[in-house]
Amino acid sequence: MKKTISLLLCLFWSAFAQISDDLPIQTEQEEDPYSQSIFLSYENAPSLVYVGEIFPVTMKAIITRDDFDKITTHTTNNTNFRILNPKSEWVHDLNNQLFTNTFYLQALKPSSKLPNFSVELINYEGVSLDSSEIEGARIETIAINGGAKFSGVLAQSFVVKNEITNKFDDKSLVVAIEMEATYSNLKDFKLKNYTNGSIDTFKDSIALQYIEYDIIIPNYVQTLEFTYFNTKSRDFQTINIPLHVKSDDVSTHTDLNPKESKFKLYKDILFGIIFISSIIIFIYKRYKIVLLAAILAAIYLFYANNPFNKVSIHSDTSIRVLPTEKSSIFHVTEGELEVEKLSSKNGYIKILLPSGRIGWVKEENVTKN
């Protein structure tokens, strides 16, 4: 009887041990893989924007874990907007678990909602720990019809910094304009009443945009007038640029920095004074060193101001208004052409055409006579 009970007890404990091995072991450190650790929401998003407008969207995220190395942000369903700072970093409020980020978007076409934003937590080994997505906020995006004078620019502020106007030919003027705007699409600037304008320089830092714009207009135009849409006041504002035509046909109409041309003028005056003074002193005193100074001053003035340096430009050469790749092309040569070289700048040579027009050509298209 005792043997039978012992045998039954052994069988029972053996079965119990087998069942225990199959049961999962739970510890207090084990995390629930289905728990959410990112809670996204919009802190500030506009309800109405215009096509072309640049606007901010501020988001906040409550993150309940701290074992991550970085936060990445992505967008989906984003065909109507351009994210200008997609790698903007989240800012942590050290007093709590709140993170904030401001993204700048540009509306590209009419839309009824923003793109979806998703946030992902990445650890030090590059492994994704958690992610969350928030649906795009509702927004009304509409296009602007500004009429013939609308420059296409939407901005919080707009300033014309400088204007230089010169005679281009007997019937035309060439105008170079420096403009600056804040939170704008200044790169889209265009004067619809004229067909041959172009942007030569563009600088952009999201908050501030800068362009240099050149255009050829009829010589009877005395003022350039256009409008832009002010995104703060939500109305069109008019810009008037009075044109001041320089009398010198061979002036450097591309120099938007007046200090540079003034500096050259002052140098020419200085060397002219040195030349005249040296000649006078040499006549009365016969100092050879003074004569040498006069000769050197004369050599400088000749090479710095000689406008009759003949060169030839190749056939099929594009002649530009300004010395930049994007500048307007007003003529293409049909054969080899002899012109006068006036100056050079940034890989371009300024030339005087037989017709009296002034333009710029690339250095590789020029052959010295």
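The values are calculated or read from the model by the stated rules, or taken from the named source; none is laboratory data. Owing to the predicted nature of the structure, the values given are computational and were not obtained by experimental measurement. Don't worry about glycine lacking a Cβ; one is built from the backbone with ideal geometry, like all the others, and counts go over all protein chains shown.
Figures for the structure shown
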| item | result |
| --- | --- |
| Tally of residues being touching a strand residue (DSSP E or B) at 6+ places or on another chain (Cβ under 7 Å), of a type outside the set (Asp, Glu), within 17 Å of residue 240 (Cβ to Cβ) and surrounded by fewer than 20 Cβ atoms within 10 Å (Cβ to Cβ) across region 171-196 | 1 |
| Complete set of residues in region 346-366 that are touching a Phe, Trp or Tyr at 6+ places or on another chain (Cβ under 8 Å) and over 21 Å from residue 172 (Cβ atoms) | 349, 362, 363 |
| Yes/no for residue 196 being at pLDDT below 90 and assigned by TED's automatic domain parsing to the domain that holds residue 238 | yes |
| Close pairs from region 178-191: first farther than 16 Å from residue 50 by Cα, partner acidic (Asp, Glu), Cβ under 7 Å, at least 6 apart | 178/212 |
| Hits in region 54-73 (condition: surrounded by fewer than 17 Cβ atoms within 10 Å (Cβ to Cβ) and either without any contact (Cβ under 8 Å) to a residue 40 or more places away in the chain or under 22 Å from residue 124 (Cβ atoms) (or both)) | 62, 64, 65, 66, 67, 69, 70, 72 |
| Any hit, region 206-229, residues being free of Cβ contacts under 8 Å to residues at least 24 places away in the same chain, of a type in the set (D, E, K, R) and either outside any loop (DSSP other than H, G, I, E, B) or touching an Asp or Glu at 6+ places or on another chain (Cβ under 8 Å) (or both) | no |
| Close pairs from region 121-139: first under 17 Å from residue 92 (Cβ atoms), partner of a type in the set (D, E, K, R) and not in a loop (DSSP other than H, G, I, E, B), Cβ under 7 Å, at least 6 apart | 121/130; 122/70 |
| Residue that is nearest to residue 311 (Cα to Cα) [pool: residues in region 333-369 that are free of Cβ contacts under 8 Å to residues at least 60 places away in the same chain and of a type in the set (Ser, Thr, Tyr)] | 367 |
| Lone qualifier among 58, 72, 27 - being over 37 Å from the mean Cα position of the chain (by Cα) and either part of a loop (DSSP other than H, G, I, E, B) or at pLDDT 95 or above (or both) | 27 |
| Wholly enclosed strands (runs of 3 or more DSSP E) of region 82-170 bearing at least 2 residues of a type in the set (Asp, Glu) and surrounded by 14 or more Cβ atoms within 10 Å (Cβ to Cβ) | 128-134 |
